[in-house]
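I have placed the structure first, in the form of structure tokens, so that the comments after it can refer back to it.
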Amino acid sequence: MITDSLSPPVSSERLEEREKHWNDLEQHFGANDRFDPPACSKPPPKSGLEKSIETAIAEGDIAKAEEMSDRLATRELAVKIAQAADCRDFVRRKQEEDALRAAQKRKNQTAWVAGSRLRGDGKPKATWASCDKAEFIKRRIRFTCFHC
């Protein structure tokens with residue numbers, strides 16, 4: 001990160017915080033570039049600042065053209081940063097909504113039997129406590145008894 005000699009000294013903790021914030025934004029740069037028209041299509045119309053740069057170059061005033069070029073680059077970077085911040089905020093909001101939806105889904109799931117162990121699909125495992133032993137034994141004998 002480049003620091004000016006005119007700016008007050010910044011602590012290393014503050015620099016690390018700025019770097020972390022920048023890296024968080026940097027991953028969202030160009031996230032929506034797929035929605036821009038392809039480069040081979042008709043170029044977008046030039047802005048007033050771009051026209052002024054071309055005029056200054058035609059007049060031979062290179063210093064003024066450089067100054068305007070710097071302003072144009074600053075403006076374009078500001079737009080990219082704003083778009084990246086919007087994208088980051090959207091992703092965070094979407095993650096929070098998904099987490100809330102998943103928590104609500106878990107909350108709304110009914111427990112089949114209080115205290116029973118659940119299988120992977122959410123249904124309870126068969127336990128002796130959950131069924132009538134006498135009925136279970138009668139049915140088992142009926143299916144295994146061949147002379148009845």
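The values are calculated or read from the model by the stated rules, or taken from the named source; none is laboratory data. Just so you know, these numbers come straight off a predicted model, no measurement behind them. Counting neighbours? That spans all protein chains shown, and the Cβs are built from the backbone with ideal geometry, glycine included. With ligands, DNA and RNA removed, areas are computed over all heavy atoms of the protein, side chains included. Shrake-Rupley method; radii C 1.70, N 1.55, O 1.52, S 1.80 Å.
Positive contributions from Lys and Arg (+1) and negative ones from Asp and Glu (-1), summed over other residues with Cβ under 12 Å from the Cβ of LEU72, come out at -2.
In segment 47-113, inverting the average of 1/r over every pair of distinct C-alpha atoms gives 16.0 Å as the Kirkwood radius.
Summed over the residues of segment 47-113 and divided among them, the accessible surface reaches 80 Å² per residue at a probe radius of 1.4 Å.
Between beta-carbons, use under 13 Å as the cut-off and find the net charge around ASP61, counting Lys and Arg +1, Asp and Glu -1. So the environment of ASP61 carries a net charge of -3.
Assign one of three labels to segment 1-111, namely rounded, prolate or oblate, based on the Cα gyration tensor with a ≥ b ≥ c the square roots of its eigenvalues; rounded applies when a/c is under 1.5, prolate when it is not and a/b is larger than b/c, and oblate otherwise. Oblate.
Measuring nothing but protein heavy atoms, the accessible surface of segment 47-113 at 1.4 Å probe radius is 54 percent carbon and sulfur.
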